[in-house]
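Report on one structure; see the data block that follows.
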Amino acid sequence: MPLVGEEWAYALCGGLTIPEDFTFGSTTVVIGDAGTLIIVEAGDSLDRSCVWNAGEVRLLGPAPTPVRKRLVDEPWERGTDDPKLPVHLTVRISEGLLYLGTGSVTRAGTVLRPGCDEHVLTDCLLRLHSPLTRSSLDLVRPLLPPEDLPDLEWLRHVNGNRASALEQFITGWYPAAPETAGPPSVEASALDLPDGLRHFYRLAQHRPRCLGVQNRVLPVTKLKTDPKGEMLVFGEENQGGFFWSLLWTLDGPEVDPTVWFREYDEPPIAELEPLSGFLIQFSLFEASMGADYVALSCRLTAQQVDRLTVALLPVPLRPFWPGAPTRFYVAPGLVLHVSDEGGDDAFSVWAGATHRSALAPLAEVPVEWDRFDG
């Protein structure tokens, strides 16, 4: 990466007019009639703009209106025959600016400004057209020392005391949320639910993210029966494509009932693990999907999967989710799930971590990653 001066960098977006610059947080955006220049600080943080991985730069707002218009609105307003203005990305280090190359906006978040109809840019993801090398990434986003990673004590109890395993995993992975002003409107303990589900809801009172970020276990107040009144629906896919339920009887709940998976109007299929194992699997899946640091690859061979998981510990449960049978592997601060995509030697892998350093066991395996945050 070349080290450049600010005058050279500003000239990238100059032209017939003097470019304007806007600073918000640790970011400076320079807007001219020949292009856009973005300057972020070197370092790594969840709460400020930075180089996120070898292929992505993340901006965190709120950003001024001209920045939102240039990065979000103009690419759609300009005619399809007009070339998009280039976006140049740089990182400030003590010696000057390092030029990363050009990039494109791939995702942007906006919120409506209170009291008016204008949207504010809250976050923006830009993909570099030429990914950074490992040495360049270490320079602009040095890997911070690992924090205390969640341990694997819970794993010893998976096929012994599953309630203990579930509690130890959830309390180790998720920090407790601040105390709420009052108790939940409906106590899970007051409902005629299996012990495992009531225990899960008690854990969710202080750690609500364990209810799910991709799919979800329904809040207590949203529990419902199916149209025939035969099944208690307690979980669903994020777009409503499938749901999980338990047999609903007048005799009261079973101790550890079968969980039924149902997709649209298809016949229900039993999950291979009963509720006690299902809740552990659901929690592992959602922890990996909702993690701040992710590694994913969508089409791997069985041999590649074996190489990725050799340094990890398997979770001793039968496959989760009949739609795409899924197995779990773990290390401190890391959950990786492998899904069988139903083809010949075709698997997808998604790993989530509580800290970048927890992805290190995966970094040396020759895999084409769709995203790698290590």
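Can you find a residue that is part of a strand (DSSP E or B) and more than 26 Å from Met289 (Cα to Cα) anywhere in the range 255-267? For the range 255-267, residues part of a strand (DSSP E or B) and more than 26 Å from Met289 (Cα to Cα): absent. Per the listing Glu153, Glu147, the residue uniquely surrounded by fewer than 16 Cβ atoms within 10 Å (Cβ to Cβ), of a type in the set (Asp, Glu) and over 23 Å from the mean Cα position of the chain (by Cα) is Glu153.
Please find, within the range 111-143, the residue that is modelled with the lowest pLDDT out of those that are of a type in the set (Val, Ile, Thr) and open to solvent by 60 Å² or more (accessible area, probe 1.4 Å).
So the first thing to find is which residues in the range 111-143 are of a type in the set (Val, Ile, Thr), and the list is 111, 120, 122, 133, 140.
Narrowing further to those that are open to solvent by 60 Å² or more (accessible area, probe 1.4 Å): 111, 133.
Working: Val111: 90, Thr133: 93.
Within the range 111-143, the match that is modelled with the lowest pLDDT is Val111.
Annotation note: Cβ proximity below 7 Å between a residue of the range 275-293 that is more than 16 Å from Ala204 (Cα to Cα) and a residue that is of a type in the set (Lys, Arg) (sequence gap 6+ or interchain) occurs for Gly277/Arg162; Tyr293/Arg356. Scanning the range 256-277 for residues that are touching a strand residue (DSSP E or B) at 6+ places or on another chain (Cβ under 9 Å), farther than 17 Å from Leu223 by Cβ and open to solvent by 30 Å² or more (accessible area, probe 1.4 Å) yields a count of 8.
Could you run through the range 268-297 and say how many residues are part of a strand (DSSP E or B) and out of contact with any Phe, Trp or Tyr (no Cβ under 9 Å at 6 or more places or on another chain)?
Of the range 268-297, the ones part of a strand (DSSP E or B) are 269-270, 293-297.
From what's left, out of contact with any Phe, Trp or Tyr (no Cβ under 9 Å at 6 or more places or on another chain): 293.
Final tally of qualifying residues: 1.
Per the listing Arg58, Arg48, the residue uniquely touching a residue at least 12 places away in the same chain (Cβ under 8 Å), surrounded by fewer than 20 Cβ atoms within 10 Å (Cβ to Cβ), part of a strand (DSSP E or B) and of a type outside the set (Phe, Trp, Tyr) is Arg58.
Scanning the range 325-352 for residues that are open to solvent by 10 Å² or more (accessible area, probe 1.4 Å) and outside any strand (DSSP E or B) yields Pro325, Pro332, Glu341, Gly342, Gly343, Asp344, Asp345.
Give the range 245-255 a look and list any residue that's over 18 Å from Gly229 (Cβ atoms) and open to solvent by less than 60 Å² (accessible area, probe 1.4 Å), or say none.
None - no residue of the range 245-255 is over 18 Å from Gly229 (Cβ atoms) and open to solvent by less than 60 Å² (accessible area, probe 1.4 Å), so the list stays empty.
Against the definition (in contact with a Lys or Arg (Cβ under 8 Å, 6 or more places away or on another chain) and of a type in the set (A, V, I, L, M)), how does Val330 come out, yes or no? In short, no. Counting the residues of the range 163-205 that are at pLDDT 80 or above, polar (S, T, N, Q) and either more than 29 Å from Met231 (Cβ to Cβ) or crowded, with 21+ Cβ neighbours inside 10 Å (or both) gives 2. The lone criterion from (1) open to solvent by 70 Å² or more (accessible area, probe 1.4 Å); (2) in contact with a Ser or Thr (Cβ under 9 Å, 6 or more places away or on another chain) left unmet by Phe234 is number (1).
Mind listing just one residue for me: the one in the range 302-324 that is open to solvent by less than 20 Å² (accessible area, probe 1.4 Å) and assigned to a loop (DSSP other than H, G, I, E, B) and, of those, farthest from Glu286 (Cα to Cα)? Explain how you work it out, then say what you get.
Pass one, the range 302-324, residues open to solvent by less than 20 Å² (accessible area, probe 1.4 Å): 305, 308-309, 312, 315, 317, 320, 324.
Subsequent filtering for residues that are assigned to a loop (DSSP other than H, G, I, E, B) retains 312, 315, 317, 324.
Details: Leu312: 19, Val315: 15, Leu317: 16, Ala324: 15 Å.
Across the range 302-324, the extreme among qualifying residues is Leu312.
Cβ-Cβ distance below 6 Å, separation of 6 or more or different chains: which pairs start in the range 123-152 with a residue that is over 25 Å from Leu100 (Cβ atoms) and end on one that is of a type in the set (A, V, I, L, M, F, W, C)? As it stands, the answer is Leu149/Ala358; Pro150/Trp173, since those pairs meet every condition given. Considered as a group, the residues in the range 1-45 that are in contact with a helix residue (DSSP H, G or I) (Cβ under 9 Å, 6 or more places away or on another chain), among the charged types (D, E, K, R) and open to solvent by 40 Å² or more (accessible area, probe 1.4 Å) include one that is nearest to Gly290 (Cα to Cα), and that residue is Asp21.
Could you identify the single residue in Ala302, Ala287, Ala295, Ala358 that is within 30 Å of Glu56 (Cα to Cα) and more than 18 Å from the chain's Cα centre (by Cα)?
Details: Ala287 fails: more than 18 Å from the chain's Cα centre (by Cα); Ala295 fails: more than 18 Å from the chain's Cα centre (by Cα); Ala358 fails: more than 18 Å from the chain's Cα centre (by Cα).
Just a single option satisfies the conditions, and that option is Ala302.
With Thr122, Thr102, Thr90 as the choices, which residue is within 24 Å of the chain's Cα centre (by Cα), of a type in the set (Ser, Thr, Tyr) and not in a loop (DSSP other than H, G, I, E, B)?
Details: Thr102 fails: within 24 Å of the chain's Cα centre (by Cα); Thr90 fails: within 24 Å of the chain's Cα centre (by Cα).
Thr122 is the lone residue from the list that is within 24 Å of the chain's Cα centre (by Cα), of a type in the set (Ser, Thr, Tyr) and not in a loop (DSSP other than H, G, I, E, B).
The values are calculated or read from the model by the stated rules, or taken from the named source; none is laboratory data. No experiment lies behind these values; they were computed from the predicted model shown. Cβ atoms come from the backbone with ideal geometry, glycine included; neighbour counts cover every protein chain shown. The area values use the complete protein model at the heavy-atom level, side chains included, leaving out ligands, DNA and RNA. Shrake-Rupley method; radii C 1.70, N 1.55, O 1.52, S 1.80 Å.
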